[in-house]
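This report refers to the structure that appears directly beneath it.
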Amino acid sequence: MENLVTKGDFWRGRRVFLTGHTGFKGSWLALWLQQLGAEVTGYALPPPTQPSLFELSDVTRGMTSVIADLDDFQALAAAMCAAHPEVIFHLAAQPLVRAGYERPAETYRTNVIGTLNVLEAARSLAGLRAIVNVTTDKCYENREWVWPYRETDALGGFDPYSSSKACSELLTQSYRSSFFHPAQHAGHGVSIATARAGNVIGGGDWGVDRLLPDIMRAFANAQPVMIRNPQAVRPWQHVLEPLGGYLLLAERLYRSGPEFGEAWNFGPAEEDTKPVQWLVEQSAKHWGKDASWLPDSAVQPHEANVLKLDCGKAHARLSWRPRLNLADALEWTVEWYRIWHAGGDLPAICKAQIMRYAGAGTA
């Protein structure tokens with residue numbers, strides 16, 4: 001993958017519409033796009049947590065920020081029209097499995113109807129070239145097997161969150177076939193892809209019921225973190241890994257049209273697909289003093305025990321590969337939270353980590 005910050009000017013001046021820019025992944029992507037010189041318009045609800053990466057890293061400094069609901073189609077369509085985007089990244093979502101159990105109707109409304117509104121509003125845009133709809137690795141029908149899932153495997157979802165993201169995938173497929181068909185690309189000019197990423201970690205995530213935020217909160221307060229499923233296996237990766245994949249995918253869609261308009265996995269190397277317990281213990285080593293954990297014996301809702309992604313297609317056709325191993329990803333994450341805990345310069349550490357990531361593995 002080319003150095004996305006220091007080589008080439010593809011994103012300089014490019015008009016980008018980003019939903020979910022107030023969230024964890026959306027804030028990092030907004031910051032990265034700003035460093036690349038893009039003209040970014042974000043559309044999202046207020047930050048979902050306090051504190052938030054969005055506020056502490058001053059994400060709005062270099063972009064247009066619209067605080068509104070995906071449910072409000074008229075507001076969404078007006079914001080899109082004003083932004084006149086060439087590229088859309090759709091990240092806005094209800095992103096948590098446990099919240100899906102607690103608020104299933106909200107989860108389906110946000111993740112399915114929200115996607116529908118984005119795609120429907122996009123139909124009327126002149127000059128739009130690429131749409132990347134970000135879903136999740138949990139959109140697959142999980143059979144608890146040891147093999148990693150490929151993009152051609154069946155979609156499904158035991159819980160409302162996973163199911164809603166599978167629905168978002170199917171909805172995107174339908175709009176691509178019905179309104180943005182690759183065979184008619186010369187007429188409409190739009191290419192659409194979906195991106196399925198693994199479990200992301202990184203500085204600035206304060207989500208409830210998310211492993212790394214729970215770990216960092218407990219360590220910062222010198223309390224043991226309660227772990228509900230230590231043996232669950234997940235495809236852990238630093239947040240900048242899939243974001244680099246989304247940027248590369250959007251560029252390919254823009255340049256090459258429907259050749260890349262399909263589903264893509266962005267996950268870690270197989271050796272970095274680790275149990276929860278490994279991640280907790282390594283995080284404790286990086287943090288040092290006052291870092292400990294205990295198993296949570298309370299009854300928990302169903303979550304998949306094993307989940308792996310096969311990213312061979314992204315390797316072969318996009319030339320995308322992870323740049324950080326999991327040990328480095330953890331080190332970067334703990335470094336970020338230590339700077340926050342010490343009252344340091346968070347916009348500076350975000351910028352530095354983006355630049356360091358973009359240069360990783362290059363000559």
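The values are calculated or read from the model by the stated rules, or taken from the named source; none is laboratory data. Everything numeric in this text was worked out from a predicted model, so none of it was measured. Reconstructed Cβ throughout: ideal geometry from the backbone, glycine too, with neighbour counts over all protein chains shown.
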>> Which condition from (1) within 26 Å of Ser164 (Cβ to Cβ); (2) assigned to a helix (DSSP H, G or I) is the one that Tyr43 breaks?
In response: (2)
>> I need a count of the residues in the range 79-124 that are over 20 Å from Met63 (Cα atoms) and assigned to a loop (DSSP other than H, G, I, E, B).
In response: 7
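Across the range 126-149, what is the number of residues that are surrounded by fewer than 15 Cβ atoms within 10 Å (Cβ to Cβ) and more than 26 Å from Val87 (Cβ to Cβ)? Write out each step before concluding.
Our first condition is that a residue be surrounded by fewer than 15 Cβ atoms within 10 Å (Cβ to Cβ); within the range 126-149, this holds for 126-127, 141, 143-147.
Retained after the next criterion (residues that are more than 26 Å from Val87 (Cβ to Cβ)): 141, 143-147.
Result for the range 126-149: 6.
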>> Please go through (1) surrounded by fewer than 23 Cβ atoms within 10 Å (Cβ to Cβ); (2) basic (Lys, Arg); (3) closer than 15 Å to Val200 by Cβ for Arg255 and return the number of the only condition it doesn't satisfy.
In response: (3)
>> What's the total number of residues in the range 193-216 that are surrounded by fewer than 17 Cβ atoms within 10 Å (Cβ to Cβ) and modelled with pLDDT of 85 or more?
In response: 0
> Can you name every residue in the range 327-363 that is without any contact (Cβ under 8 Å) to a residue 60 or more places away in the chain and of a type in the set (Lys, Arg)?
Replying inline: Arg338, Arg356
> Looking at the range 52-71, which of the residues that are in a loop (DSSP other than H, G, I, E, B) and among the small types (Gly, Ala, Ser) is modelled with the highest pLDDT?
Replying inline: Ala68
> Under the condition of being under 28 Å from Gly187 (Cβ atoms) and either without any contact (Cβ under 8 Å) to a residue 40 or more places away in the chain or among the hydroxyl-bearing types (Ser, Thr, Tyr) (or both), which residue from the range 91-125 is surrounded by the fewest Cβ atoms within 10 Å (Cβ to Cβ)?
Replying inline: Ser124
> Of the conditions (1) surrounded by fewer than 16 Cβ atoms within 10 Å (Cβ to Cβ); (2) touching a helix residue (DSSP H, G or I) at 6+ places or on another chain (Cβ under 9 Å); (3) farther than 19 Å from Asn133 by Cα; (4) free of Cβ contacts under 8 Å to residues at least 60 places away in the same chain, Asp58 fails just one. Which one is it?
Replying inline: (4)
>> Go through (1) within 15 Å of Leu309 (Cβ to Cβ); (2) without any contact (Cβ under 8 Å) to a residue 40 or more places away in the chain; (3) polar (S, T, N, Q) for Thr194 and report which single condition fails.
In response: (2)
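Check the range 144-151 and report whether any residue there is at pLDDT 95 or above, more than 20 Å from the chain's Cα centre (by Cα) and closer than 29 Å to Gln237 by Cβ.
Initially, the range 144-151 is screened for residues at pLDDT 95 or above, giving 150-151.
Those left that are additionally more than 20 Å from the chain's Cα centre (by Cα): none.
Within the range 144-151, none of the residues are at pLDDT 95 or above, more than 20 Å from the chain's Cα centre (by Cα) and closer than 29 Å to Gln237 by Cβ.
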> Does the range 1-51 hold any residues that are of a type in the set (Gly, Ala, Ser), modelled with pLDDT of 95 or more and surrounded by fewer than 21 Cβ atoms within 10 Å (Cβ to Cβ), and which are they?
Replying inline: Gly13, Gly37
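Within the range 341-363, take every residue that is of a type outside the set (Val, Ile, Thr) and surrounded by 21 or more Cβ atoms within 10 Å (Cβ to Cβ) and give me the one that is nearest to Gly62 (Cα to Cα).
Pass one, the range 341-363, residues of a type outside the set (Val, Ile, Thr): 341-348, 350-353, 355-361, 363.
Next, only the ones that are surrounded by 21 or more Cβ atoms within 10 Å (Cβ to Cβ) stay: 350, 353, 357-358.
On the way: Cys350: 14, Gln353: 18, Tyr357: 21, Ala358: 20 Å.
Taking the candidates together, the pick is Cys350.
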